[in-house]
1. Which ³J(HN,Hα) values in Hz, rounded to whole numbers, follow from the phi angles of region 316-325 under the Karplus curve 6.51 cos²θ - 1.76 cosθ + 1.60, where θ = phi - 60° and Gly and Pro get x?
2. Which of Ala68, Ala45, Thr23 sits farthest toward the positive end of the charge dipole of region 3-100, with +1 on the Cβ of Lys and Arg and -1 on the Cβ of Asp and Glu?
3. For a Förster distance of 35 Å, can you work out the FRET efficiency between the beta-carbons of Val333 and Leu116, rounded to the nearest 0.05?
4. Non-local amide H neighbours of Ala308 (under 5 Å, H modeled in plane, Pro and chain starts lacking H): which ones?
5. Counting only GluC sites (Glu not before Pro) that sit in a DSSP loop (anything but H, G, I, E, B) with at most 10 other Cβ atoms within 10 Å, what is the longest stretch of the chain containing none of them?
6. Between Asp305 and Ser100, what is 0.36 nm times their sequence separation minus the Cα-Cα distance? Round to one decimal in nm.
7. Order Thr23, Thr265 by their accessible area, 1.4 angstrom probe, all chains in place, largest first.
8. Of the heavy-atom accessible surface of region 3-100 (probe 1.4 angstrom), what whole percent is carbon and sulfur?
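The values are calculated or read from the model by the stated rules, or taken from the named source; none is laboratory data. None of these values were measured; they are calculated from a predicted model. Every residue, glycine as well, gets a Cβ built from its backbone with ideal geometry; the counts of neighbours run over all protein chains shown. Quick note on the areas: whole protein, heavy atoms, side chains included, nothing else; ligands and nucleic acids left out. Shrake-Rupley method; radii C 1.70, N 1.55, O 1.52, S 1.80 Å.
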Amino acid sequence: MTHTKRQSLQRIAAHLGFPDSETLIGLWDVMVSEREAAWIAELPATARELAERLGEDLGGEDTSGEDAGDVAEGLADLYGRGLVLRSEQPDGDTRYVAESNAGVLMDLILFDRRYLAWHGQAFLDRWRRFYNEELVHTYEHPDPDSRPFRVVPVREQVHDPRTALPYEQVAALVRDARRISLEHCPCRTREQACESPLETCLAFDQVADYMIERGVGREIDAAEALAVLGRCEEQGLVHITENADRPLVLCNCCPCCCVFLRAMTVHAKRDVIDASRYRAVVDQARCIACGLCVERCHFRAMALDGAAQVAEERCLGCGLCATTCPAEAIRLVETQAPGFIPRQDSGFGSIVQG
Ligand code: SF4
Ligand code: SF4
(Lines give C-alpha, C1' and ligand atoms only; values in the text may rest on other atoms or scores of the structure.)
(Ligands and ions follow the chains in the order given, each with its own letter.)
Protein backbone atom coordinates (compact mmCIF):
# COMPACT_ATOMS: atom_id res chain seq x y z
CA MET A 1 0.00 0.00 0.00
CA THR A 2 1.41 3.41 -0.93
CA HIS A 3 1.64 6.19 1.62
CA THR A 4 -1.01 8.16 -0.27
CA LYS A 5 -3.48 5.28 -0.35
CA ARG A 6 -2.91 4.65 3.36
CA GLN A 7 -3.71 8.29 4.09
CA SER A 8 -7.00 8.03 2.21
CA LEU A 9 -7.90 4.76 3.94
CA GLN A 10 -7.13 6.27 7.34
CA ARG A 11 -9.58 9.07 6.59
CA ILE A 12 -12.22 6.53 5.57
CA ALA A 13 -11.60 4.48 8.74
CA ALA A 14 -11.84 7.63 10.87
CA HIS A 15 -15.17 8.52 9.22
CA LEU A 16 -16.39 5.06 10.29
CA GLY A 17 -15.28 5.67 13.87
CA PHE A 18 -12.21 3.40 13.79
CA PRO A 19 -9.27 5.70 12.93
CA ASP A 20 -6.63 3.26 14.21
CA SER A 21 -8.09 -0.01 13.00
CA GLU A 22 -5.46 -1.81 10.95
CA THR A 23 -8.00 -4.58 10.26
CA LEU A 24 -10.47 -2.12 8.75
CA ILE A 25 -7.77 -0.33 6.78
CA GLY A 26 -6.55 -3.70 5.50
CA LEU A 27 -10.09 -4.61 4.40
CA TRP A 28 -10.46 -1.34 2.49
CA ASP A 29 -7.06 -1.94 0.92
CA VAL A 30 -8.30 -5.09 -0.79
CA MET A 31 -11.68 -3.57 -1.72
CA VAL A 32 -10.61 -0.37 -3.48
CA SER A 33 -7.85 0.98 -5.68
CA GLU A 34 -5.76 3.97 -4.66
CA ARG A 35 -7.81 6.18 -6.94
CA GLU A 36 -11.12 4.94 -5.51
CA ALA A 37 -9.83 5.40 -1.94
CA ALA A 38 -9.00 9.04 -2.73
CA TRP A 39 -12.50 9.59 -4.12
CA ILE A 40 -14.27 8.04 -1.12
CA ALA A 41 -12.13 10.00 1.35
CA GLU A 42 -13.29 13.22 -0.36
CA LEU A 43 -17.04 12.53 -0.15
CA PRO A 44 -19.70 13.85 0.10
CA ALA A 45 -19.75 15.27 -3.40
CA THR A 46 -21.34 14.97 -6.80
CA ALA A 47 -19.21 13.52 -9.58
CA ARG A 48 -18.70 17.03 -10.97
CA GLU A 49 -17.61 18.43 -7.62
CA LEU A 50 -15.26 15.51 -7.06
CA ALA A 51 -13.69 15.84 -10.50
CA GLU A 52 -13.09 19.54 -9.84
CA ARG A 53 -11.67 18.90 -6.37
CA LEU A 54 -9.34 16.15 -7.56
CA GLY A 55 -8.20 17.78 -10.73
CA GLU A 56 -4.59 17.31 -9.75
CA ASP A 57 -2.25 14.36 -9.42
CA LEU A 58 -3.36 11.75 -6.90
CA GLY A 59 -0.65 9.63 -5.39
CA GLY A 60 1.31 9.15 -8.54
CA GLU A 61 -1.71 8.27 -10.68
CA ASP A 62 -2.16 10.62 -13.57
CA THR A 63 -5.58 12.14 -13.09
CA SER A 64 -5.10 15.02 -15.44
CA GLY A 65 -7.68 13.36 -17.70
CA GLU A 66 -10.16 13.10 -14.82
CA ASP A 67 -13.52 14.30 -16.01
CA ALA A 68 -16.93 14.27 -14.45
CA GLY A 69 -18.09 11.48 -16.76
CA ASP A 70 -15.28 9.13 -15.68
CA VAL A 71 -15.81 9.98 -12.04
CA ALA A 72 -19.57 9.47 -12.34
CA GLU A 73 -18.96 6.05 -13.84
CA GLY A 74 -16.51 5.16 -11.07
CA LEU A 75 -18.81 6.35 -8.31
CA ALA A 76 -21.72 4.37 -9.78
CA ASP A 77 -19.52 1.28 -9.70
CA LEU A 78 -18.59 1.92 -6.05
CA TYR A 79 -22.29 2.30 -5.29
CA GLY A 80 -22.98 -1.06 -6.92
CA ARG A 81 -20.33 -2.64 -4.68
CA GLY A 82 -21.98 -1.20 -1.56
CA LEU A 83 -19.03 1.08 -0.76
CA VAL A 84 -20.77 4.45 -1.12
CA LEU A 85 -24.37 5.64 -0.91
CA ARG A 86 -26.13 8.18 -3.06
CA SER A 87 -29.11 10.50 -3.17
CA GLU A 88 -30.77 12.30 -6.04
CA GLN A 89 -30.61 16.08 -5.76
CA PRO A 90 -33.49 18.45 -6.62
CA ASP A 91 -31.50 19.66 -9.64
CA GLY A 92 -31.30 16.08 -10.98
CA ASP A 93 -27.66 15.56 -10.01
CA THR A 94 -26.53 12.60 -7.89
CA ARG A 95 -24.71 13.21 -4.64
CA TYR A 96 -22.53 10.46 -3.17
CA VAL A 97 -21.71 9.97 0.51
CA ALA A 98 -19.50 7.58 2.44
CA GLU A 99 -21.34 5.42 4.99
CA SER A 100 -20.41 6.41 8.54
CA ASN A 101 -21.88 3.41 10.39
CA ALA A 102 -19.30 0.60 10.31
CA GLY A 103 -21.89 -2.09 11.09
CA VAL A 104 -24.17 -0.99 8.25
CA LEU A 105 -21.21 -0.77 5.87
CA MET A 106 -20.14 -4.30 6.80
CA ASP A 107 -23.64 -5.54 5.98
CA LEU A 108 -23.86 -3.64 2.68
CA ILE A 109 -20.64 -5.33 1.61
CA LEU A 110 -21.41 -8.81 2.89
CA PHE A 111 -24.88 -8.86 1.31
CA ASP A 112 -22.94 -9.02 -1.96
CA ARG A 113 -21.87 -12.60 -2.71
CA ARG A 114 -19.41 -11.40 -5.34
CA TYR A 115 -16.98 -10.40 -2.59
CA LEU A 116 -16.56 -14.09 -1.74
CA ALA A 117 -15.56 -14.86 -5.32
CA TRP A 118 -13.25 -11.85 -5.48
CA HIS A 119 -11.48 -12.19 -2.15
CA GLY A 120 -12.24 -15.64 -0.73
CA GLN A 121 -12.42 -16.89 2.82
CA ALA A 122 -9.61 -14.63 4.06
CA PHE A 123 -11.90 -11.66 3.42
CA LEU A 124 -14.57 -13.10 5.70
CA ASP A 125 -11.94 -13.97 8.31
CA ARG A 126 -10.91 -10.30 8.41
CA TRP A 127 -14.46 -9.08 8.79
CA ARG A 128 -14.98 -11.64 11.56
CA ARG A 129 -11.90 -10.32 13.34
CA PHE A 130 -13.03 -6.72 12.91
CA TYR A 131 -16.48 -7.49 14.35
CA ASN A 132 -15.35 -9.66 17.27
CA GLU A 133 -12.33 -7.62 18.32
CA GLU A 134 -13.43 -4.06 17.57
CA LEU A 135 -16.95 -3.39 16.30
CA VAL A 136 -18.77 -5.44 18.95
CA HIS A 137 -17.43 -3.19 21.69
CA THR A 138 -19.51 -0.32 20.30
CA TYR A 139 -22.76 -2.29 20.54
CA GLU A 140 -23.82 -1.45 24.09
CA HIS A 141 -26.47 1.27 24.19
CA PRO A 142 -27.20 2.19 27.82
CA ASP A 143 -29.34 5.08 26.56
CA PRO A 144 -32.63 3.43 25.48
CA ASP A 145 -33.16 6.14 22.88
CA SER A 146 -30.04 5.06 21.03
CA ARG A 147 -30.88 1.37 20.49
CA PRO A 148 -31.34 0.89 16.76
CA PHE A 149 -33.13 -2.48 16.65
CA ARG A 150 -35.73 -4.42 18.59
CA VAL A 151 -37.26 -7.86 18.77
CA VAL A 152 -40.59 -8.55 17.04
CA PRO A 153 -42.68 -11.39 18.46
CA VAL A 154 -43.29 -14.54 16.49
CA ARG A 155 -46.55 -14.42 14.57
CA GLU A 156 -49.73 -15.37 16.35
CA GLN A 157 -48.10 -15.77 19.74
CA VAL A 158 -49.30 -12.49 21.22
CA HIS A 159 -52.05 -13.42 23.67
CA ASP A 160 -54.24 -10.44 22.82
CA PRO A 161 -53.56 -9.49 19.17
CA ARG A 162 -55.51 -6.27 19.63
CA THR A 163 -52.57 -4.94 21.66
CA ALA A 164 -50.10 -5.40 18.80
CA LEU A 165 -49.27 -2.34 16.74
CA PRO A 166 -49.08 -2.78 12.97
CA TYR A 167 -45.30 -2.36 12.94
CA GLU A 168 -44.74 -5.01 15.61
CA GLN A 169 -46.49 -7.73 13.66
CA VAL A 170 -44.26 -9.38 11.11
CA ALA A 171 -47.22 -10.30 8.90
CA ALA A 172 -48.39 -6.69 8.83
CA LEU A 173 -44.91 -5.47 7.92
CA VAL A 174 -44.92 -7.84 4.97
CA ARG A 175 -48.51 -7.13 3.96
CA ASP A 176 -48.05 -3.34 4.06
CA ALA A 177 -44.82 -3.30 2.05
CA ARG A 178 -44.84 -1.80 -1.44
CA ARG A 179 -41.90 -4.00 -2.44
CA ILE A 180 -40.06 -6.85 -0.70
CA SER A 181 -36.62 -8.31 -1.31
CA LEU A 182 -34.85 -11.34 0.14
CA GLU A 183 -31.11 -11.32 0.83
CA HIS A 184 -28.42 -13.64 2.14
CA CYS A 185 -27.67 -12.91 5.80
CA PRO A 186 -24.43 -10.93 6.09
CA CYS A 187 -23.98 -12.02 9.73
CA ARG A 188 -24.04 -15.76 9.01
CA THR A 189 -21.94 -15.16 5.90
CA ARG A 190 -19.33 -13.53 8.14
CA GLU A 191 -19.47 -15.59 11.32
CA GLN A 192 -20.20 -19.10 9.92
CA ALA A 193 -21.01 -20.31 13.44
CA CYS A 194 -24.14 -22.38 12.67
CA GLU A 195 -26.03 -24.24 9.98
CA SER A 196 -29.07 -21.94 9.90
CA PRO A 197 -30.24 -20.99 6.40
CA LEU A 198 -28.61 -18.01 4.74
CA GLU A 199 -31.41 -16.52 2.63
CA THR A 200 -33.40 -15.00 5.50
CA CYS A 201 -33.06 -11.19 5.43
CA LEU A 202 -36.10 -9.22 4.26
CA ALA A 203 -36.01 -5.63 3.09
CA PHE A 204 -38.99 -3.42 2.32
CA ASP A 205 -39.78 -0.48 0.06
CA GLN A 206 -36.81 1.87 -0.47
CA VAL A 207 -34.31 -0.58 1.02
CA ALA A 208 -35.76 -3.35 -1.17
CA ASP A 209 -35.35 -1.01 -4.18
CA TYR A 210 -31.70 -0.58 -3.20
CA MET A 211 -31.05 -4.31 -2.71
CA ILE A 212 -32.72 -5.25 -6.00
CA GLU A 213 -30.98 -2.48 -7.95
CA ARG A 214 -27.62 -3.62 -6.62
CA GLY A 215 -28.44 -7.21 -7.51
CA VAL A 216 -27.89 -8.45 -3.95
CA GLY A 217 -31.60 -8.94 -3.20
CA ARG A 218 -34.21 -11.07 -4.95
CA GLU A 219 -37.68 -9.55 -5.34
CA ILE A 220 -40.32 -11.72 -3.71
CA ASP A 221 -44.04 -11.39 -3.05
CA ALA A 222 -45.79 -11.30 0.32
CA ALA A 223 -46.66 -15.00 0.18
CA GLU A 224 -43.01 -15.99 -0.24
CA ALA A 225 -41.95 -13.57 2.49
CA LEU A 226 -44.45 -15.14 4.90
CA ALA A 227 -43.17 -18.60 3.96
CA VAL A 228 -39.60 -17.43 4.73
CA LEU A 229 -40.77 -16.14 8.11
CA GLY A 230 -42.49 -19.45 8.86
CA ARG A 231 -39.32 -21.42 8.09
CA CYS A 232 -37.26 -19.03 10.20
CA GLU A 233 -39.61 -19.49 13.15
CA GLU A 234 -39.36 -23.27 12.82
CA GLN A 235 -35.57 -22.95 12.84
CA GLY A 236 -35.67 -20.93 16.05
CA LEU A 237 -34.53 -17.66 14.47
CA VAL A 238 -35.47 -14.44 16.23
CA HIS A 239 -37.27 -11.68 14.31
CA ILE A 240 -35.50 -8.35 14.72
CA THR A 241 -36.38 -5.06 13.11
CA GLU A 242 -35.58 -1.38 13.32
CA ASN A 243 -36.82 0.75 16.16
CA ALA A 244 -38.93 2.80 13.79
CA ASP A 245 -42.59 3.21 12.95
CA ARG A 246 -41.99 2.05 9.38
CA PRO A 247 -39.18 -0.52 9.54
CA LEU A 248 -37.42 -1.16 6.25
CA VAL A 249 -35.57 -4.34 7.23
CA LEU A 250 -36.68 -7.49 9.02
CA CYS A 251 -33.89 -9.87 10.07
CA ASN A 252 -34.20 -13.47 11.21
CA CYS A 253 -31.36 -13.91 13.63
CA CYS A 254 -29.44 -16.69 15.30
CA PRO A 255 -27.74 -16.03 18.64
CA CYS A 256 -24.32 -17.11 17.38
CA CYS A 257 -23.86 -14.95 14.25
CA CYS A 258 -26.16 -11.90 14.43
CA VAL A 259 -24.20 -8.75 15.18
CA PHE A 260 -26.64 -7.88 17.96
CA LEU A 261 -27.49 -11.27 19.44
CA ARG A 262 -23.89 -12.48 19.31
CA ALA A 263 -22.89 -9.32 21.15
CA MET A 264 -25.29 -10.39 23.91
CA THR A 265 -24.83 -14.16 24.00
CA VAL A 266 -21.11 -14.50 23.23
CA HIS A 267 -19.65 -11.13 24.24
CA ALA A 268 -21.96 -10.58 27.24
CA LYS A 269 -22.89 -7.06 26.10
CA ARG A 270 -25.93 -5.49 27.70
CA ASP A 271 -28.52 -3.10 26.29
CA VAL A 272 -27.73 -4.00 22.70
CA ILE A 273 -31.29 -4.09 21.34
CA ASP A 274 -34.73 -3.52 22.79
CA ALA A 275 -37.01 -6.37 23.74
CA SER A 276 -40.45 -6.47 22.18
CA ARG A 277 -43.28 -5.01 24.25
CA TYR A 278 -44.19 -8.55 25.35
CA ARG A 279 -42.92 -11.13 27.82
CA ALA A 280 -43.51 -14.85 28.07
CA VAL A 281 -45.83 -16.02 30.82
CA VAL A 282 -46.21 -19.71 31.72
CA ASP A 283 -49.49 -21.23 32.83
CA GLN A 284 -48.01 -23.42 35.54
CA ALA A 285 -51.09 -25.64 35.70
CA ARG A 286 -50.74 -26.60 32.02
CA CYS A 287 -46.96 -27.02 31.98
CA ILE A 288 -45.83 -30.67 31.73
CA ALA A 289 -42.20 -29.79 32.50
CA CYS A 290 -40.89 -31.16 29.21
CA GLY A 291 -38.07 -28.60 29.09
CA LEU A 292 -38.49 -27.78 25.39
CA CYS A 293 -38.86 -24.07 26.10
CA VAL A 294 -35.61 -24.10 28.11
CA GLU A 295 -33.79 -25.52 25.08
CA ARG A 296 -35.53 -23.15 22.70
CA CYS A 297 -34.77 -19.87 24.51
CA HIS A 298 -31.53 -18.29 23.30
CA PHE A 299 -31.37 -15.91 26.22
CA ARG A 300 -31.52 -18.32 29.18
CA ALA A 301 -34.78 -16.74 30.24
CA MET A 302 -36.49 -20.13 30.84
CA ALA A 303 -35.66 -22.60 33.61
CA LEU A 304 -37.38 -25.66 35.04
CA ASP A 305 -38.27 -25.59 38.69
CA GLY A 306 -41.09 -28.06 38.87
CA ALA A 307 -42.79 -26.19 36.02
CA ALA A 308 -41.17 -23.75 33.60
CA GLN A 309 -40.26 -20.38 35.10
CA VAL A 310 -39.52 -17.17 33.18
CA ALA A 311 -36.74 -14.83 34.28
CA GLU A 312 -38.55 -11.71 33.17
CA GLU A 313 -35.44 -9.52 33.08
CA ARG A 314 -33.85 -11.87 30.54
CA CYS A 315 -36.91 -12.40 28.32
CA LEU A 316 -36.85 -10.44 25.07
CA GLY A 317 -40.41 -11.34 24.16
CA CYS A 318 -39.50 -13.18 20.96
CA GLY A 319 -42.17 -15.87 21.40
CA LEU A 320 -40.04 -18.79 20.19
CA CYS A 321 -40.69 -20.72 23.41
CA ALA A 322 -44.44 -20.44 22.88
CA THR A 323 -44.27 -21.96 19.39
CA THR A 324 -42.63 -25.13 20.73
CA CYS A 325 -44.63 -25.69 23.88
CA PRO A 326 -46.59 -28.95 23.38
CA ALA A 327 -48.99 -28.01 26.18
CA GLU A 328 -49.72 -24.51 24.86
CA ALA A 329 -48.79 -23.28 28.31
CA ILE A 330 -46.90 -20.15 27.21
CA ARG A 331 -48.37 -16.89 25.99
CA LEU A 332 -46.94 -13.47 25.32
CA VAL A 333 -48.46 -10.69 27.36
CA GLU A 334 -48.02 -6.97 26.84
CA THR A 335 -45.72 -5.45 29.46
CA GLN A 336 -44.83 -2.13 27.83
CA ALA A 337 -47.13 0.61 26.60
CA PRO A 338 -47.20 1.35 22.85
CA GLY A 339 -45.03 4.41 23.47
CA PHE A 340 -42.11 2.04 24.20
CA ILE A 341 -41.55 2.04 20.42
CA PRO A 342 -40.88 3.50 17.92
CA ARG A 343 -38.22 6.04 18.54
CA GLN A 344 -35.86 6.38 15.63
CA ASP A 345 -34.45 5.06 12.42
CA SER A 346 -31.66 2.53 12.37
CA GLY A 347 -28.51 3.02 10.36
CA PHE A 348 -30.33 1.61 7.35
CA GLY A 349 -32.04 4.97 6.96
CA SER A 350 -28.80 6.14 5.38
CA ILE A 351 -29.47 3.88 2.40
CA VAL A 352 -32.65 5.76 1.75
CA GLN A 353 -31.41 9.23 2.58
CA GLY A 354 -28.00 8.86 0.97
S1 SF4 B 1 -38.51 -16.83 27.32
FE2 SF4 B 1 -36.92 -16.79 25.76
S3 SF4 B 1 -37.84 -17.77 23.96
FE4 SF4 B 1 -39.50 -17.19 25.34
S5 SF4 B 1 -40.17 -15.16 24.67
FE6 SF4 B 1 -38.65 -14.85 26.31
S7 SF4 B 1 -36.70 -14.63 25.19
FE8 SF4 B 1 -38.14 -15.55 23.74
S1 SF4 C 1 -42.38 -26.20 26.68
FE2 SF4 C 1 -44.34 -25.83 27.72
S3 SF4 C 1 -44.80 -27.73 28.78
FE4 SF4 C 1 -42.63 -27.84 28.23
S5 SF4 C 1 -41.59 -27.01 30.06
FE6 SF4 C 1 -41.92 -25.28 28.68
S7 SF4 C 1 -43.88 -24.39 29.36
FE8 SF4 C 1 -43.74 -26.45 30.25
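1. Those phi angles translate into 9, x, 7, x, 5, 4, 5, 6, 9, 5 Hz.
2. With unit charges placed on the Cβ atoms, the residue in question is Thr23.
3. Efficiency for this residue pair is about 0.20.
4. Ala289
5. With a cap of 10 other Cβ atoms within 10 Å, the longest stretch comes to 57-194.
6. Separation in residues times 0.36 nm, less the Cα-Cα distance, equals 69.1 nm.
7. Thr265, Thr23
8. So the carbon and sulfur contribution to the accessible surface is 45 percent.
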